[in-house]
């Protein structure tokens, strides 16, 4: 086969033409939103995407990414965001605010604004779901632990799976463990000292994303995690129960933000309005998704550890503006203390 | 004019054949062949420069900043990384993991390649398909499958307990042994494919000649087959080493986070704490340390091949 100038030009033209295809698709009306991999992705693909198409004729394209990865990608894109909407936990949210990654948020553009409790929107985004962190255990293999301290005692410690400071739930849980031994919101050293004492007994030290799989495979039978992971594992037939620690479960809100420089601002608002609307929130609350709703008209599921969102005010909440600057050093310390 | 014509026209245009600067005769023909080869290689070279060299230079530049906001140039990230003895441990562990995986793949893969040589062409095709099959699966799927195999309630532990060999499950997951076992399987095609490609070209008469001259099977193996298959073996070792030292998913999912290797440190610095200069230093350390071992391995390979020819 000869490779001449004419075929080269034809090839280049075809490739160049192909690059316009996404733009053509874009023009129809779409929004690219991030979602957490796993339950969030399933739920948003199955529930939210068809609703948005039906209501506003907008195609929802989902980019499954953990919160930290979203911030990393947006920072790397330098002003040309690869998606229109972020979904974030409190820690990465603050990193995003500091990095100027979000559009100024105008809550008045949300038709469902009145359905949210006061303070659930600000000038950077909107609360879309609540999360509750506590202890998950296998009731067929272990008695129920009462609190964070039990995790370091027999019989739980030899079946314990832990994760470090990479995620919100990991960091929050280690802070609470630390408080039991004289630590505080900004001092996690006591937790690391106590963990190191029992390290040879601990069943698994893994990445956050690997923990549900390790629990499912019986590699560990007790771990700190959120209610949603517990509900998802239960839905898969895994023997798992959630325990609210006696010192209190941890709670935080998941928020959504519009990426600075997005070309689909109006579509992004329509998407966010739909996400906090009664129809979507109600569907997301049901199994197998088990989200904690933020819409006042949507009741909480019966097996949740609280009866209403107001009750969550009494739960443990952490100030991530104080945690974020310390987290790099904590991760480094965790590496060194836990390394074999 | 087609490019392929240029490639096969070593004489070049007559008007450019003199001038005193260019060599004449056979040398001139070689020059034009080289030039034509460069023209052919140009698109790939440009793509390589744009997609590999430019990002690499960007990585080097990023490493010379002191802060996570990338505003203050300096050497602080290098000083911080190499001023910490823990970094040396992580680099050494990463390289050792690669070497252990290479040893394991050679021990398991070489006999398999020998078996391959003795099979009929039809069975060779079947074995080749079996060797390639794992490559058709995503590495994530293969890695998670190893959790099921090596886990506390996995196939290995259940089997050993059923046989009465052990009474308590062995800890195989989140250990280096478990990680090396799984990487051996995951990286095996990278060892076997170059090895088989070289070994299948070996003249079968050489073995017969060796036997006829009175050499035992072991002596034939070590003095005839191993030296002749050295290029394939070295290529396999290089591929397995480079792939296993950078296998982030397998290292973190099967090894857990108590076994800390450079890819985990890079991930933490770049995507968890966003300290890109430090992540760049860790990445460059990985590139340089892996390339050093690869250079050493290929030097050994070349030396053994020269020794053979000499």
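The values are calculated or read from the model by the stated rules, or taken from the named source; none is laboratory data. Because the structure is predicted, anything quoted here is derived from the model rather than measured. Here the Cβ positions follow ideal geometry from the backbone for every residue, glycine too, while neighbour counts run over all protein chains shown.
Assorted remarks:
- Within the stretch A:43-75, the set of residues being touching a strand residue (DSSP E or B) at 6+ places or on another chain (Cβ under 8 Å) and not in a helix (DSSP H, G or I) comprises A:58, A:59, A:60, A:61, A:62, A:63, A:64, A:65.
- Test: residue in the stretch A:263-272 that is under 21 Å from residue A:133 (Cα atoms) and at pLDDT below 95: no
- Screening residue A:164 on (1) touching a strand residue (DSSP E or B) at 6+ places or on another chain (Cβ under 6 Å); (2) within 13 Å of chain B (Cβ to nearest Cβ); (3) over 19 Å from residue B:144 (Cβ atoms); (4) touching a residue at least 60 places away in the same chain (Cβ under 8 Å) shows it passes everything except condition (1).
- For the stretch A:206-241, residues that are surrounded by fewer than 23 Cβ atoms within 10 Å (Cβ to Cβ) and closer than 18 Å to residue A:177 by Cβ total 1.
- Qualifying residue in the stretch A:281-302 (condition: under 29 Å from residue A:101 (Cα atoms), in a helix (DSSP H, G or I) and in contact with a strand residue (DSSP E or B) (Cβ under 9 Å, 6 or more places away or on another chain)): yes
- Scanning the stretch B:186-208 turns up no residue that is in contact (Cβ under 8 Å) with a residue 12 or more places away in the chain, within 14 Å of chain A (Cβ to nearest Cβ), more than 30 Å from residue A:333 (Cβ to Cβ) and surrounded by 17 or more Cβ atoms within 10 Å (Cβ to Cβ).
- Filter result for the condition that a residue is modelled with pLDDT under 90, part of a helix (DSSP H, G or I) and either farther than 19 Å from residue A:266 by Cβ or within 14 Å of another protein chain (Cβ to nearest Cβ) (or both), over A:16, A:96, A:79: A:16
- Scanning the stretch A:127-144 for residues that are touching a helix residue (DSSP H, G or I) at 6+ places or on another chain (Cβ under 6 Å) and more than 20 Å from residue B:174 (Cβ to Cβ) yields A:128, A:132, A:133.
- Criterion: in a helix (DSSP H, G or I), away from chain A (no Cβ under 12 Å) and more than 14 Å from the chain's Cα centre (by Cα) - qualifying residue of B:239, B:284, B:264: B:284
This table checks each residue for (1) crowded, with 17+ Cβ neighbours inside 10 Å; (2) closer than 21 Å to residue B:229 by Cβ; (3) out of contact with any strand residue (DSSP E or B) (no Cβ under 8 Å at 6 or more places or on another chain).
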{"site": "B:67", "(1), (2), (3)": "no, no, yes"}
{"site": "B:75", "(1), (2), (3)": "no, no, yes"}
{"site": "B:87", "(1), (2), (3)": "yes, no, yes"}
{"site": "B:100", "(1), (2), (3)": "yes, no, yes"}
{"site": "B:116", "(1), (2), (3)": "yes, yes, yes"}
{"site": "B:135", "(1), (2), (3)": "no, no, yes"}
{"site": "B:141", "(1), (2), (3)": "no, no, yes"}
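- For the criterion of being under 24 Å from residue A:93 (Cβ atoms), within 14 Å of chain B (Cβ to nearest Cβ) and crowded, with 18+ Cβ neighbours inside 10 Å, residue A:328 passes.
- Per-region count, the stretch A:167-205, residues surrounded by 20 or more Cβ atoms within 10 Å (Cβ to Cβ) and at the interface with another protein chain (Cβ under 10 Å from one of its Cβ atoms): 5
- Qualifying positions in the stretch A:244-274 - within 20 Å of the chain's Cα centre (by Cα) and more than 18 Å from residue A:284 (Cβ to Cβ): A:244, A:249, A:250, A:257, A:258, A:259, A:268
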